[in-house]
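Reading through the structure tokens given below for one structure.
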């Protein structure tokens, strides 16, 4: 009976009551205490130690003070940490903003990349922080593209996460043997907000040759995301964006996404098909705009009349894996 559910929102937006109720369910919501972690309230976090990479780890005290400490999440791909799930329930989930900022600045490393965990400084920092936090057990759910449960992986965080990654790639892994000229990707299942939909752009980047074209289809029904359009429209130098992350002048999630998408723009044409953002705003951010998929295809044909094309219906979930091919 003496159980508390902590909504591990990190620095993402605050969930509303309906979202919390849907997440927790009526039975648990009626019996257990439910709280939302606030990364900006220093009174709710306590110091747990410093990682080898210098991240001071401040974690929610309700979690660290509990007798039994379990993390519950889901396995996904991640463009900086390699994969979501695993240790990310602790950091950024229930960490302080300054802890999150320190960890996310490690994503400036080229080793902090999608599908990479060994030698990824951000990921290794996350694993160390989760152990400092005292998480005893991690549970990750694996969902299919229809959000139906496929598998549940349980165990000590590092071992559990590697098992979860293997299960994830058995469904979502795509071996890239020859990069495409054009990749068409839907932002699903994260298509409501552009900053989240851009995870499909970063996956498509792995599968598309330099000089190629990426077409992103996303509703963007809630817009571009906090501060994303403004930061993209400023067209800052990428090194400056990482300074913003370190200094807390941008969000720990928004800043790295801006830096990564700007990097894609330097090498590839990116066309956005959406009804949720005005065309002038889309173009100001650096995307090319198309009102329909047909219009986007016509734009791509002009650059690639005989194109090799890859299509990702669930672009934000697919995980392109680079494969060395013998010549």
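The values are calculated or read from the model by the stated rules, or taken from the named source; none is laboratory data. All of these numbers come straight from a predicted model, not from anything done at the bench. No Cβ is skipped: glycine too gets one built from the backbone with ideal geometry, and neighbour counts run over all protein chains shown.
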Being in contact with a helix residue (DSSP H, G or I) (Cβ under 9 Å, 6 or more places away or on another chain) and at pLDDT below 95, is that true of even one residue in segment 47-61? no
Inspect all residues belonging to segment 249-261 and state whether any of them is under 29 Å from residue 103 (Cβ atoms) and in contact with a strand residue (DSSP E or B) (Cβ under 9 Å, 6 or more places away or on another chain). yes
Please pick out the residue among 221, 303 that is out of contact with any helix residue (DSSP H, G or I) (no Cβ under 9 Å at 6 or more places or on another chain) and closer than 30 Å to residue 10 by Cα. 221
Return the total of residues in segment 4-17 being touching a strand residue (DSSP E or B) at 6+ places or on another chain (Cβ under 8 Å) and either surrounded by 16 or more Cβ atoms within 10 Å (Cβ to Cβ) or in contact (Cβ under 8 Å) with a residue 40 or more places away in the chain (or both). 7
If only one of 236, 179, 226 is within 20 Å of residue 114 (Cα to Cα) and in contact with a helix residue (DSSP H, G or I) (Cβ under 9 Å, 6 or more places away or on another chain), which one is it? 179
Please work out if residue 54 is assigned to a loop (DSSP other than H, G, I, E, B) and surrounded by fewer than 18 Cβ atoms within 10 Å (Cβ to Cβ). yes
Residues within segment 252-275 that are at pLDDT 95 or above, surrounded by 17 or more Cβ atoms within 10 Å (Cβ to Cβ) and not in a helix (DSSP H, G or I), tallied: 7
Given 315, 255, 263, which one is within 14 Å of residue 198 (Cα to Cα) and free of Cβ contacts under 8 Å to residues at least 60 places away in the same chain? 263
Could you say whether any residue in segment 183-196 is more than 18 Å from the chain's Cα centre (by Cα), surrounded by 21 or more Cβ atoms within 10 Å (Cβ to Cβ) and modelled with pLDDT of 95 or more? yes
Residue in segment 209-225 that is in a helix (DSSP H, G or I), in contact (Cβ under 8 Å) with a residue 12 or more places away in the chain and surrounded by 23 or more Cβ atoms within 10 Å (Cβ to Cβ) present: no
Kindly check whether there is at least one residue in segment 3-20 that is in contact with a helix residue (DSSP H, G or I) (Cβ under 7 Å, 6 or more places away or on another chain), at positive phi and either assigned to a helix (DSSP H, G or I) or outside the structural domain of residue 228 (by TED's automatic domain parsing) (or both). yes
In the set 20, 89, the lone residue that is at pLDDT 95 or above, within 28 Å of residue 190 (Cα to Cα) and either touching a strand residue (DSSP E or B) at 6+ places or on another chain (Cβ under 6 Å) or surrounded by fewer than 19 Cβ atoms within 10 Å (Cβ to Cβ) (or both) is 89
Is it the case that segment 174-187 has a residue that's touching a strand residue (DSSP E or B) at 6+ places or on another chain (Cβ under 8 Å), in contact (Cβ under 8 Å) with a residue 40 or more places away in the chain and closer than 16 Å to residue 262 by Cβ? no
